[in-house]
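Here's the structure we're looking at; comments come further down.
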Amino acid sequence: MSVLRRAVERGMDGWKGDFEQKHLMRLGWFLAFAIALHDLPEGLAIVAGERVAPSLGAVLALAIALHNVPEGMSIALPLRMAGLSPLMVTAVTVAAGLVTPLGTWMGMNLFQTSPAGVSYALAFAGGAMAYVVARDILPEALEEDWRETFAGIVVGALVIHFAARLHM
């Protein structure tokens with residue numbers, strides 16, 4: 001992730017704005033790239049689930065789609081607060097989100113999904129997002145309002161819990 005941080009820093013050279021705007025812009029771009037990196041194995045997981053049982057693939061797709069909404073918001077909010085135009089914010093957010101269908105396409109067309117490959121892909125996706133959440137998203141959210149942060153965590157966990165129960 002430090003390579004990604006350095007790349008975002010270099011991309012920010014010459015960007016005009018005050019300290020807070022630069023911080024938000026760096027955060028937004030870092031999240032966009034980190035989430036895009038995390039979304040590729042999610043697409044593979046959808047294919048793997050579908051191969052195990054079509055209903056599992058559908059539940060995984062639903063759960064991933066639901067959790068992509070707050071991911072998109074976590075990209076869009078800092079970029080918009082930093083002064084990026086709504087059109088550009090939308091383009092960046094959509095581009096990051098299109099990596100999941102790319103992963104799905106790759107899983108369907110390029111790879112034979114194996115249990116070990118799926119395990120590695122899921123571990124990579126989980127580890128990447130756990131790192132980004134623990135290092136960047138959670139501290140920022142807690143700094144803003146710990147009560148709303150806690151409520152968001154609880155609501156998000158409940159939504160995914162009930163979406164997963166659709167398969168059982």
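Quick rundown of the values:
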item: Area of LYS22 that stays accessible when all protein chains are in place (1.4 Å probe, Å², to 10); result: 70
item: Difference of contour (0.36 nm per residue) and Cα-Cα distance, LEU66 to ASN109; result: 13.0 nm
item: Packing-based order for 80-87, 158-165, using average beta carbon neighbours within 10 Å, highest first; result: 80-87, 158-165
item: With DNA, RNA and ligands ignored, accessible area of LEU56 (1.4 Å probe; Å², nearest 10); result: 40
item: HN-Hα J in Hz across region 150-164 - Karplus 6.51, -1.76, 1.60, θ = phi - 60°, x for Gly and Pro; result: 4, 4, x, 5, 5, 4, x, 5, 5, 4, 5, 4, 6, 5, 5
item: Charge tally in the Cβ shell below 9 Å around ALA96, where Lys, Arg are +1 and Asp, Glu are -1, ALA96 excluded; result: -2
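The values are calculated or read from the model by the stated rules, or taken from the named source; none is laboratory data. Treat the numbers as computed from the prediction; the structure is a model and nothing was measured. No Cβ is skipped: glycine too gets one built from the backbone with ideal geometry, and neighbour counts run over all protein chains shown. In case anyone asks, the SASA skips ligands and DNA or RNA and just uses the protein heavy atoms, side chains included. Shrake-Rupley method; radii C 1.70, N 1.55, O 1.52, S 1.80 Å.
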